[in-house]
Amino acid sequence: MKVIICGAGQVGFNIARYLADEAADVTVIDQSAELIQKISSALDVSGVVGFASHPDVLERAGAPDADMLIAVTYADEVNMVACQICHSLFEVPTKIARIRDQSYLAPIWSDLYSEANMPIDAIISPEMEVSRAIERRLMIPGAFDAITLVDGRVTLVGVHIRPETPIINTPLRQLTELFPDLHVYVVAIKRGSETITPSPRDELQPGDDAYFLCDTTHLERAMASFGCDEKEARRVVVIGGGNIGLELARLLEEKHRHVQLKVVEADKERAEQVARALHRSLVIHGDALEQEILTEANVATAETTIAVSNDDKVNILTALLAKQAGAQRTIVLINSSSYGQLLPRLGIDTVVSPRAITVSSILQHVRRGRIRAVHSLSEEVGEIIEAEVLETSELAGRTIAEAGLPAGVIIGALVRDKTFVLPRGQTKIRAGDLIVLFSRPSSVKKVERLFSVKLEFF
């Protein structure tokens, strides 16, 4: 597969890294010679210096032969024009654009992106994706990661394993004995820098990060079994009224009317804009690093404080001050990967990475075969993949034990006729089944082949 990536920033770099690791033919365009030099030295990719919206630059990058364009520059307009040119001049089959300005995404203008106007196959809005990710974590207290799959029937949850977790030092196979009617399956364990694809003999230990899949209707009981019995937040403080903060506040006002929401914004003009855009939330103008502002926002009584300003350091310090003041939980937006290992030790409960979320959204469109959804876990851990089993799939008609799954792959959930099935070794896989599995990065291409559409299908 030949892919052109426009933009060599953090998102572009990580997408290029994922695709290069899978032996894709990747070319990256950026106007910064320094960034192109950096990405070409670090990864097995080609680099082109120039403006991604210029036809001659796209041609030099190989657009006439490209299978996919992924436009993730900092300029929405450049991303859109690059997609248009690749469609009109080079007939690139698949075009993905990151668009950040919400004015381009208003429902009233949805026809803009039709094939007749501006043919973009998939639009990624980091602000909307990040806001939804935070909302999911907010509604599942105790989870540092959460996503729904298979039309809401399956939930992926990431939890920190603490000394008080009830099931530590217990072989995973005993979970069924302890909770016989609970549909939950541990699919990955992060232990320090090591990722474990668990066997029935493995045990959870304090300090682990565990990822499990469960029947969504069993979610509350599943969280309790991992010692996470916190109540859903009703008093929430959002620090930062930028695009993400505003989108999150709108989402909470719309979907969670019981939440009492306060938004703190340092810029006076922006605070006034946010106040006009919201209906039930209290907007406070001030610096969240000042104690009197945190007091005015009542963070001491807040169940959750969410720091989503544009400055990582401000977000971290604000969260620590909120914790010190009495906030029960903190969710922090972090753009830089260099803070990742430090934050849990500081007592910050949940870290949200816009880069990782954006990469996950894009990978969903990159993956081939009957793959319906992709969720990238933390760096170097792996992917959660939702896929449909076709009649021509190698899996159809086999039991899970007979399937010969690649190393580092675990089936954690199966949905058949809209019903959750807890996978066992003797569970027979049928055509039409929707499967959710965990895959280590090295096995993703093999997973794609398992769910590929073969000629017999047509």
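The values are calculated or read from the model by the stated rules, or taken from the named source; none is laboratory data. Because the structure is predicted, anything quoted here is derived from the model rather than measured. FYI the Cβ positions are ideal-geometry reconstructions off the backbone, even for glycines, and counts take in every protein chain you see.
Summary table
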read-out: For Leu182: the one exception among (1) closer than 19 Å to Glu303 by Cα; (2) in a loop (DSSP other than H, G, I, E, B); value: (1)
read-out: Selection count, the range 249-263, where residues are free of Cβ contacts under 8 Å to residues at least 60 places away in the same chain and touching a helix residue (DSSP H, G or I) at 6+ places or on another chain (Cβ under 6 Å); value: 3
read-out: Hits in the range 135-149 (condition: surrounded by fewer than 20 Cβ atoms within 10 Å (Cβ to Cβ) and more than 20 Å from Ala327 (Cα to Cα)); value: Thr148
read-out: Count of the range 370-412 residues which are in a loop (DSSP other than H, G, I, E, B) and not small (Gly, Ala, Ser); value: 16
read-out: One residue from Ile85, Ile36, Ile29, Ile70 being closer than 21 Å to Ser376 by Cα and modelled with pLDDT of 90 or more; value: Ile70
read-out: The range 124-143, residues that are more than 15 Å from the chain's Cα centre (by Cα) and part of a loop (DSSP other than H, G, I, E, B); value: Ile140, Pro141, Gly142
read-out: Residue in the range 413-429 that is of a type in the set (Phe, Trp, Tyr), assigned to a strand (DSSP E or B), surrounded by 18 or more Cβ atoms within 10 Å (Cβ to Cβ) and more than 20 Å from the chain's Cα centre (by Cα) present; value: yes
read-out: Every pair of residues 6+ apart whose Cβ atoms lie under 7 Å, when the first sits in the range 53-71 and is farther than 12 Å from Gln84 by Cα while the second is acidic (Asp, Glu) and surrounded by 14 or more Cβ atoms within 10 Å (Cβ to Cβ); value: none
read-out: The range 74-90 residues that are at positive phi and in contact (Cβ under 8 Å) with a residue 40 or more places away in the chain, paired with ones that are buried (at least 21 other Cβ atoms within 10 Å of the Cβ) and part of a loop (DSSP other than H, G, I, E, B) (beta carbon under 8 Å, 6 or more apart); value: none
read-out: Check on Leu363, surrounded by 23 or more Cβ atoms within 10 Å (Cβ to Cβ) and under 20 Å from Val72 (Cβ atoms); value: no
read-out: Qualifying position, being in a helix (DSSP H, G or I), more than 22 Å from the chain's Cα centre (by Cα), modelled with pLDDT under 95 and not hydrophobic (A, V, I, L, M, F, W, C), among Glu253, Glu230; value: Glu253
read-out: Residue list for the range 46-88, restricted to those being over 22 Å from Glu115 (Cβ atoms) and of a type in the set (Gly, Ala, Ser); value: Ser46, Gly47, Gly50, Ala61, Gly62, Ala75
read-out: Residue selected from the range 403-412 under the condition touching a Lys or Arg at 6+ places or on another chain (Cβ under 9 Å) and not small (Gly, Ala, Ser), by the criterion surrounded by the fewest Cβ atoms within 10 Å (Cβ to Cβ); value: Pro406
read-out: Test: residue in the range 289-299 that is touching a helix residue (DSSP H, G or I) at 6+ places or on another chain (Cβ under 6 Å), outside the structural domain of Phe13 (by TED's automatic domain parsing) and part of a strand (DSSP E or B); value: no
read-out: Which listed residue, of Ala222, Ala210, is at negative phi, of a type in the set (A, V, I, L, M) and in a strand (DSSP E or B); value: Ala210
read-out: Which listed residue, of Ala75, Ala97, Ala71, Ala24, is over 20 Å from Val366 (Cα atoms) and aliphatic (A, V, I, L, M); value: Ala75
read-out: The one condition in (1) closer than 23 Å to Ser338 by Cβ; (2) among the acidic types (Asp, Glu); (3) crowded, with 16+ Cβ neighbours inside 10 Å that Asp76 fails to fulfil; value: (1)
read-out: Residue within the range 309-332 that is free of Cβ contacts under 8 Å to residues at least 12 places away in the same chain, of a type outside the set (Asp, Glu) and out of contact with any strand residue (DSSP E or B) (no Cβ under 7 Å at 6 or more places or on another chain) present; value: yes
read-out: Residues satisfying the stated conditions in the range 300-326, i.e. part of a loop (DSSP other than H, G, I, E, B) and surrounded by fewer than 24 Cβ atoms within 10 Å (Cβ to Cβ); value: Glu303, Ser309, Asn310, Asp311, Gly326
read-out: Within the range 93-115, tally of residues that are farther than 17 Å from Asn243 by Cβ and either part of a strand (DSSP E or B) or at pLDDT 95 or above (or both); value: 3
read-out: Test result for Glu177, among the acidic types (Asp, Glu), more than 29 Å from Ala373 (Cα to Cα), touching a residue at least 60 places away in the same chain (Cβ under 8 Å) and outside the structural domain of Thr350 (by TED's automatic domain parsing); value: no
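Each row is one residue, and each column tells you yes or no for (1) in a loop (DSSP other than H, G, I, E, B); (2) over 17 Å from Arg329 (Cβ atoms).
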position: Asp145; (1), (2): no, no
position: Gly158; (1), (2): no, no
position: Arg162; (1), (2): yes, no
position: Ile168; (1), (2): yes, yes
position: Ala188; (1), (2): no, yes
position: Pro200; (1), (2): yes, yes
position: Pro206; (1), (2): yes, yes
